Amino acid sequence: MLPFVSIVIPVATMKLFSNLQKTTGYDDAIATGCWFLDIHPPETTLDKPFTGSGFQPKPYDISYRTLVPKTVSNLLVAGRCHSASSEASASSRVTATAMALGEAAGTAAALAIKSNTEVGLLDGVKVRETLAVQNAGPFSEA
C-alpha cells in the first residue's frame, strides 16, 4: 500500500478577506461567492458564534487565477482547493461555489485542449466569456 502524500502547491493569487469586504471585481472572474463567513475555531468550544463568523459579504468575484498553481504546469485546483485566505475560504468553501469553480476548471480544460495550450496560459477573460455563453460563471458584470 502506498503512503498518503500531501502536497502544498502555491497558487497565483490569494483571495483575501479585505477583498470580500470591498467586493473586489475581477475581469477574469469565473464564479461568484456570497455565503456568510462560517469560521470554525481551532479548538473544541460550545460557544457560538465563533469569532469572525457571521459577516455577510455582498456577492463577490472569484478570479480564474485562484485556480492556477504557480509551480505546476497544466493543473487547475478547483472547488475547496482554490487559493483563498482562511477567512475568505470560510465563505467560498460552500458546495454551490465549489461546483461553480469546478465547472470553470472543466471549461478551462476544454478550452486548453481546443487551443492546444496549457490551462495556466489561458486568458481568464476568455474562460469567463465561454462560461457566459453556457449561462454559467459569475453574476457580476465584466
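Could you put ASP28, ASP38 in order, starting from the residue whose Cβ has the fewest other Cβ atoms within 10 Å?
ASP38, ASP28
If you rank ILE62, ILE30, ILE113, ILE39 by fewest surrounding Cβ atoms within 10 Å, what's the result? Could you put the intermediate results ahead of the total?
Values: ILE62 27, ILE30 30, ILE113 10, ILE39 18.
Result, fewest neighbours first: ILE113, ILE39, ILE62, ILE30.
About the Cα centre of region 17-133, how large is the charge dipole given +1 on each Lys and Arg Cβ and -1 on each Asp and Glu Cβ? Please answer in debye to the nearest 20.
80 debye
Residues of region 105-142 with the amide nitrogen closer than 19 Å to a label point 7 Å from the Cα of THR24, along Cα-to-Cβ, please.
Only 124-125, 128, 138-142 pass the distance filter.
Which GluC sites (Glu not before Pro) in region 22-126 pass both tests, a DSSP loop state and at most 15 other beta-carbon atoms within 10 Å?
Here the GluC sites (Glu not before Pro) that fit, given the DSSP loop and packing criteria, are GLU43, GLU118.
Around THR117, what is the net charge, scoring Lys/Arg as +1 and Asp/Glu as -1 over all other residues with Cβ under 14 Å from its Cβ?
Overall, the nearby charge balance is 0.
Every read-out reported here was derived from the displayed coordinates using simple, explicitly stated rules and does not represent laboratory data. All values reported here derive from a predicted model rather than from experimental measurement. All Cβ positions, glycine included, derive from the backbone under ideal geometry; neighbour counts span all protein chains shown.
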